[in-house]
Amino acid sequence: MNWSNWVYLGAGLLLGFGVRGLFARSTNATASQATVTLGEQDYTSQLQQQLQQTQLAYEMAQEMSQFKGGFLARTTHELRSPLNGLIGLHQLILSDLCEDAAEEREFIAQAHERALKLLHLMDEILNVAKAEHGNNKLDIQPNSLAEILQEVYKLTYMLAVDRNLKLQISPPDPEIYVLADARWLRQVLLNLVDTAIGQMQEGSIFISVKLTPESKDVAIWLDLPSHTVVKSESIDLLQMTDESSPKDKQNTRLSPSMKLLLNQKLLTVMGGKLEILPSSESHPAEQLTRLELSIPLAIPEAELL
């Protein structure tokens with residue numbers, strides 16, 4: 001092999017190594033670009049999900065603020081229907097529209113029953129209003145959260161079973177104590193569960209507790225079917241005319257929205273709060289909404305020293 005062949009061989013080797021290096025750099029650049037693209041897609045997806053959750057939380061907070069702002073209007077509307085029914089019965093009697101004395105006595109009995117139910121509704125609202133303004137002193141002291149939830153379960157379990165519903169309570173740590181009036185906190189939980197059961201034909205109710213080490217509150221989560229949670233309603237109730245049906249006039253119980261408002265006010269008096277959140281639980285068979293009750297945590301004296 002002469003010197004020219006050696007030159008051609010060297011040039012070929014150099015050209016081969018150069019092409020190989022360029023191909024390797026191109027491959028690495030492509031792989032790097034693909035990795036960056038995948039990373040950007042993951043980040044974009046997470047960002048969109050966070051924005052959706054933030055928007056939903058904002059909308060629910062805005063709807064919850066409507067309940068806080070419309071207390072007087074809502075109270076007036078709640079008492080108007082039974083009062084109109086009572087007035088209507090009296091008008092029938094005073095207008096001599098009764099066929100005989102027996103029917104007149106029946107109307108008087110119905111009016112008396114409606115008056116008693118109306119008084120009961122007013123007592124429920126006044127008790128909360130007095131507690132809010134400090135006229136009813138609450139017995140705020142450390143209470144075992146596990147015991148309170150166990151009492152709620154015992155009082156509502158059979159009601160759920162009779163309707164073929166599932167009521168599940170995850171027992172919290174027995175060492176968790178909350179600063180609250182045990183009677184009122186139990187009543188708030190009973191109201192929320194009872195209201196949900198009353199509007200359910202099927203489905204499940206899940207109650208759990210979340211405690212974070214750095215938090216001074218404990219969160220009680222009620223995951224309920226979304227249709228049982230009143231999340232939006234017009235608060236311009238004073239302009240509404242009385243067009244309720246006879247069935248509505250006979251129902252003198254507080255509406256779910258009014259109960260939700262009263263429960264929120266009771267929790268505020270006890271230093272807590274009630275919020276409506278999107279449920280993070282995975283139950284594909286039903287759409288759930290989460291009610292979060294935040295209650296101050298009772299800190300043991302040993303931790304204060």
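The values are calculated or read from the model by the stated rules, or taken from the named source; none is laboratory data. Keep in mind that this is a model prediction, so the values were computed, not measured. Positions of Cβ are generated from backbone atoms using ideal geometry, with glycine treated the same way; all protein chains shown enter the neighbour counts. Protein only, heavy atoms only, side chains kept; ligands, DNA and RNA dropped before computing areas. Shrake-Rupley method; radii C 1.70, N 1.55, O 1.52, S 1.80 Å.
Before moving on, here are some points about what is shown:
- Tally, over region 103-127, of residues that are open to solvent by less than 70 Å² (accessible area, probe 1.4 Å), more than 37 Å from the chain's Cα centre (by Cα) and aliphatic (A, V, I, L, M): 1
- Close contacts from region 71-93, counting a first residue that is more than 15 Å from L116 (Cα to Cα) and hydroxyl-bearing (S, T, Y) and a second that is open to solvent by 50 Å² or more (accessible area, probe 1.4 Å) and not in a helix (DSSP H, G or I), with Cβ to Cβ under 7 Å and a gap of 6+ residues or different chains, come to T76/L238.
- Residues located in region 139-190, provided they are in contact (Cβ under 8 Å) with a residue 40 or more places away in the chain, more than 26 Å from I299 (Cβ to Cβ) and touching a Gly at 6+ places or on another chain (Cβ under 8 Å): L165
- Positions within region 158-177 being in a helix (DSSP H, G or I) and either among the β-branched types (V, I, T) or open to solvent by 90 Å² or more (accessible area, probe 1.4 Å) (or both), in sequence order: M158, V161, D162
- Region 64-100, residues that are at pLDDT 75 or above, in a helix (DSSP H, G or I), aliphatic (A, V, I, L, M) and open to solvent by 70 Å² or more (accessible area, probe 1.4 Å): L83, I87, L94
- First in region 191-213 and touching a residue at least 60 places away in the same chain (Cβ under 8 Å), second anywhere and in a helix (DSSP H, G or I) and open to solvent by 10 Å² or more (accessible area, probe 1.4 Å), Cβ under 6 Å, 6 or more apart: N191/K259; T195/P256; T195/K259
- Of the candidates I169, I148, I140, the single residue that is aliphatic (A, V, I, L, M) and over 20 Å from the mean Cα position of the chain (by Cα) is I140.
- Which listed residue, of E286, E281, E275, E303, is of a type in the set (D, E), modelled with pLDDT under 90 and assigned to a helix (DSSP H, G or I): E303
- Among the residues here, S234 qualifies as modelled with pLDDT under 85, more than 17 Å from the chain's Cα centre (by Cα) and small (G, A, S).
- Residues within region 178-198 that are closer than 20 Å to L138 by Cβ, in contact with a helix residue (DSSP H, G or I) (Cβ under 7 Å, 6 or more places away or on another chain) and open to solvent by 20 Å² or more (accessible area, probe 1.4 Å), tallied: 5
- Selection count, region 202-224, where residues are in a strand (DSSP E or B) and more than 26 Å from E286 (Cα to Cα): 2
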